[in-house]
1. Which of the residues spanning region 198-212 are surrounded by fewer than 20 Cβ atoms within 10 Å (Cβ to Cβ) and either in a strand (DSSP E or B) or at pLDDT 95 or above (or both)?
2. Report the residue count in region 221-234 for those that are part of a strand (DSSP E or B) and either within 14 Å of the chain's Cα centre (by Cα) or loosely packed, with under 14 Cβ neighbours inside 10 Å (or both).
3. What residue, of 237, 215, 268, is crowded, with 19+ Cβ neighbours inside 10 Å, of a type in the set (Phe, Trp, Tyr) and over 15 Å from the mean Cα position of the chain (by Cα)?
4. Going through 108, 127, 51 one at a time, which residue ends up being loosely packed, with under 15 Cβ neighbours inside 10 Å and either at pLDDT below 95 or touching a Lys or Arg at 6+ places or on another chain (Cβ under 9 Å) (or both)?
5. How about region 255-265: which of its residues are part of a strand (DSSP E or B), touching an Asp or Glu at 6+ places or on another chain (Cβ under 7 Å) and surrounded by fewer than 21 Cβ atoms within 10 Å (Cβ to Cβ)?
6. So, residue 192, is that one surrounded by fewer than 14 Cβ atoms within 10 Å (Cβ to Cβ), within 30 Å of residue 250 (Cα to Cα) and out of contact with any Pro (no Cβ under 8 Å at 6 or more places or on another chain) or not?
7. I need the full set of residues from region 130-182 which are among the hydroxyl-bearing types (Ser, Thr, Tyr) and open to solvent by 60 Å² or more (accessible area, probe 1.4 Å), in order please.
8. Within the group 66, 95, which residue is in contact with a Phe, Trp or Tyr (Cβ under 7 Å, 6 or more places away or on another chain), open to solvent by 20 Å² or more (accessible area, probe 1.4 Å), at pLDDT 95 or above and of a type in the set (A, V, I, L, M)?
Amino acid sequence: MKHPFLMVVLTFCVFSQYTFSQETVENPEKYTAHNKGKFYIFWGGNRESFSKSDIRFKGADYDFTLHNVSAHDKPKGFHIDYFNPARMTIPQTNLRIGYFISDHYNISIGFDHMKYVMYNDRRVSYSGYYPNPGTYNENPANGELTLDEDFLLFEHTDGLNYVNTEISRVDDISKLFKINNTDKIQVNVTEGIGGGFLYPKTNTTLLGKDRYDEFNIAGYGVSAKVGLNVTFFKYFFIQTELKGGYIEMNNIRTTQDKADSAEQNFWFLQKILTIGGIFRI
C-alpha cells in the first residue's frame with residue numbers, strides 16, 4: 001500500500017504542473033512585451049520650417065554675405081509619388097532602419113530628405129563686394145538689395161539631405177488608455193538624439209554664372225526628437241515625430257568653379273508622419 005503522504009505530494013505536483021501549463025497556454029507572454037533583438041523600418045513624409053540664416057558667398061572676385069535670409073520647404077501634399085519606387089525620392093521624405101539593443105533603447109540610421117528654398121524678390125541687408133555693383137537693385141544708403149533671379153537663386157531641393165544616426169528610448173504607455181492586449185494595439189512614446197552629415201544637391205544660379213546642381217558633402221547636423229507610436233497586430237505601426245535641430249554647412253558648392261562656395265547655418269523643425277514594421281529575424 002502506498003504511503004498516504006507520498007500520494008498527497010504526487011497529487012499536488014501533478015495538479016501544480018497542470019495549473020501552470022494551463023496558465024501558460026491561457027496567458028502566453030505578449031510578443032510586444034519585449035523589444036530587445038527586434039528590427040524596425042519606417043517610411044513617410046515631412047513638413048519643415050527653418051530659422052533665418054546669414055549666407056556667405058565666396059569666389060575669386062567676390063565675397064559677400066546676405067543677412068537674415070528666409071526660406072521655406074517645398075511640400076507635395078499627399079501624393080502617389082510617396083509609394084512609387086521610381087519617384088519616391090521626389091517628395092519630402094524620411095527613411096529609417098533601427099535595431100533594439102534593449103527593451104527600451106534602439107539605435108538607427110536614417111535619411112531625412114528635406115527641401116530648402118530661399119525666398120526670392122525680398123529685400124535683405126548685405127555686406128561685402130561682388131562684380132558689377134549697382135546693377136542688382138541695391139540701396140547703398142541702407143545696405144539692402146533685392147533677391148531677384150538675376151542676382152541669385154539658391155535652394156537645396158534634391159534636397160537638404162540629412163544622413164544621420166540616432167539613439168532613442170521607447171516606453172509603452174498602453175495602460176494609460178486601458179489597453180490590455182498590446183499584441184492587438186500598443187501605444188508608445190519615443191524620444192531620441194542624433195547627428196550626421198549634410199549631403200545636399202544645391203540648385204544655384206549666382207551673378208549670371210551657369211547653374212550648378214550636384215550632390216556634395218556640405219556640413220553636419222545635430223537633432224533631437226519626440227514621437228508617438230501606435231503599433232497594430234504586433235508588426236505594423238504608425239509613428240509621428242516632432243524633430244528639431246541645428247545645421248552647419250560650410251562647404252556648399254554654388255557654381256561649376258570649385259573656387260566658388262557658400263556657407264550658412266540655421267535651425268530646423270520637422271513634423272513627420274510615417275508607416276512601418278517591427279520584427280525579429
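The values are calculated or read from the model by the stated rules, or taken from the named source; none is laboratory data. Worth saying up front: this structure is predicted, and the values here are computed from it rather than measured. For neighbour counting, all protein chains shown are included, and Cβ atoms are generated from backbone atoms with ideal geometry for every residue, glycine included. In case anyone asks, the SASA skips ligands and DNA or RNA and just uses the protein heavy atoms, side chains included. Shrake-Rupley method; radii C 1.70, N 1.55, O 1.52, S 1.80 Å.
1. Across region 198-212, the qualifying residues are 199, 201, 203, 205, 212.
2. Kept after step one, since they are part of a strand (DSSP E or B), are these residues of region 221-234: 221-232.
Within this subset, residues satisfying the condition of being either within 14 Å of the chain's Cα centre (by Cα) or loosely packed, with under 14 Cβ neighbours inside 10 Å (or both) are 221-227, 232.
Residues meeting the conditions: 8.
3. Values: 215 fails: crowded, with 19+ Cβ neighbours inside 10 Å; 268 fails: over 15 Å from the mean Cα position of the chain (by Cα).
237 is the lone residue from the list that is crowded, with 19+ Cβ neighbours inside 10 Å, of a type in the set (Phe, Trp, Tyr) and over 15 Å from the mean Cα position of the chain (by Cα).
4. Details: 108 fails: loosely packed, with under 15 Cβ neighbours inside 10 Å; 51 fails: either at pLDDT below 95 or touching a Lys or Arg at 6+ places or on another chain (Cβ under 9 Å) (or both).
Being loosely packed, with under 15 Cβ neighbours inside 10 Å and either at pLDDT below 95 or touching a Lys or Arg at 6+ places or on another chain (Cβ under 9 Å) (or both) holds for just one of 108, 127, 51, which is 127.
5. Taking region 255-265 as the starting set, the residues that turn out to be part of a strand (DSSP E or B) are 261-265.
Checking which are touching an Asp or Glu at 6+ places or on another chain (Cβ under 7 Å) leaves us with 264-265.
Answer for region 255-265, where residues must be part of a strand (DSSP E or B), touching an Asp or Glu at 6+ places or on another chain (Cβ under 7 Å) and surrounded by fewer than 21 Cβ atoms within 10 Å (Cβ to Cβ): just 265.
6. In short, no.
7. First pass over region 130-182, keeping only residues among the hydroxyl-bearing types (Ser, Thr, Tyr): 130, 135-136, 146, 157, 162, 165, 168, 174, 182.
135, 165, listed by residue number.
8. Working: 66 fails: open to solvent by 20 Å² or more (accessible area, probe 1.4 Å).
Just a single option satisfies the conditions, and that option is 95.
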